[in-house]
Amino acid sequence: WAAETAAAYESVHATVALHPNEAPRIVHGDPDGWSRQGAREPGGDAALDEALAEIDRLAALPQVKGVGETGLDYFRTGPEGKEAQERSFRAHIEIAKRHGKALVIHDRDAHADVLRVLKEEGAPERTVFHCYSGDAAMAEICARAGYFMSFAGNVTFKNAQHLRDALAVAPLELVLVETDAPFLTPAPYRGRPNAPYLVPVTVRAMAAVRGTDEDTLATALAANTARAFGYPQA
């Protein structure tokens, strides 16, 4: 659907992937189920290979600008699902590199393993940590590797000082902003569904953290986004 919509509208672009939580569901099965037939039985490695082949096909399309969200999620997936997640992650890295697309990382409670796999596989030239959730020390590691760090509305949360510390040390040329709708609505609008119209609220808070004005930050964010996803720059 995302690729079809991006093909239909010039102003829309897509990324494609199996979310990290989907890989264990495909391989092992679970009450939610995942298959084209609607079955709830485990599909095994062959089913995961089939799904990855579909992502590979979609990633080749010109309106698809990235491969992701892919990565590791240890919050919703237990130890029994780690192997399938990591196999899927490694396959997505290879797909992104082969098609020359940005890699969009989902990293939840899995910082060390995400960084390890990226190092072992060799990250694509353009790698984005979607909804960056690490601390300042991890931001310095990402900066040395040239990874983009994308901040969402939770950078405004009172209990998210680690995100503000990370934003403060991240090189300006590697900083991005995002909605991550419908969740992570920035303060003071928490409780509402998140949507793109609230991105300026997040940008305003980010500018305050970095001690810069909003226009300067917005200009940098636009240029960084173009570089990260291969858009023409104005």
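Here are a few things to note about the model shown:
- For the chain, a crude dipole built from +1 on the beta carbon of Lys and Arg and -1 on the beta carbon of Asp and Glu, taken about the Cα centre, is about 460 debye to the nearest 20.
- Gained length - V12 relative to R144, 0.36 nm times residue gap less alpha-carbon distance: 44.4 nm
- The angle between the Cα long axis of helix 136-145 and the main principal axis of the chain comes to about 70°, on a 0 to 90 degree scale.
- Positive-end residue of L52, G153, A228, charge dipole of the chain with Cβ unit charges: G153
- Considering only Cα atoms, the convex hull volume of region 64-229 works out to 113 Å³ per residue.
- Per-residue ³J(HN,Hα) for region 67-80, Karplus 6.51 cos²θ - 1.76 cosθ + 1.60, θ = phi - 60°, Hz, x for Gly and Pro: 10, x, 7, 10, x, 9, 9, 9, 7, 9, 10, x, x, 5
- Helix 199-210 vs. the chain, principal-axis angle (Cα, 0 to 90°, nearest 10): 60 degrees
- Every helix of 4 or more DSSP H residues in the chain counts as -39500 (n - 2.57), and over all residues that averages to -14000 deg cm²/dmol at 222 nm.
- Dipole orientation for the chain: of the candidates V64, A208, Y74, A208 has the Cα lying most toward the positive pole (charges on Cβ; Lys, Arg +1; Asp, Glu -1).
- Between P79, P24, P124, the residue with the greatest mean-square fluctuation in the GNM of the chain (Cα pairs under 10 Å linked by springs) is P79.
- Remark: relative contact order (the chain) = 14 percent; criterion is Cα-Cα distance under 8 angstrom and separation of 6 or more residues.
- Amide H contacts of V177: F151, each under 5 Å away and 5 or more positions distant or on a separate chain (H built 1.01 Å from N in the peptide plane; Pro and chain starts excluded).
- Derived scalar couplings between HN and Hα for region 82-95 equal 5, 4, 5, 4, 5, 4, 5, 4, 4, 5, 5, 4, 5, 4 Hz in order, rounded to whole Hz, by the Karplus curve 6.51 cos²θ - 1.76 cosθ + 1.60 (θ = phi - 60°), x for Gly and Pro.
- Candidates H111, H130, H92: whichever shows maximal mean-square fluctuation once the chain is modelled as a Gaussian network with Cα springs under 10 Å: H111
- Against the chain, whose longest principal axis is taken from its Cα atoms, helix 44-59 shows a tilt of about 50°.
- Chymotrypsin sites (Phe, Trp or Tyr not before Pro) within region 39-97: DSSP coil, no more than 15 neighbouring Cβ in 10 Å: F75
- For N194, the amide hydrogen comes within under 5 Å of the amide hydrogens of F183, T185, counting only partners 5 or more places away or on other chains and with H modelled in the peptide plane.
- Applying 1/(1 + (r/R0)^6) with R0 = 30 Å to the Cβ-Cβ distance of A2 and D213 gives a FRET efficiency near 0.30.
- Taking D73, D56 and counting other C-beta atoms within 10 Å, the order from fewest to most: D56, D73
Values quoted throughout were computed directly from the atomic coordinates according to the rules given, and no laboratory measurement underlies them. This one's a predicted model, so the numbers in the text were calculated from it and none came from an experiment. As a convention, Cβ positions derive from the backbone with ideal geometry for all residues, glycine included, and neighbour counts pool all protein chains shown.
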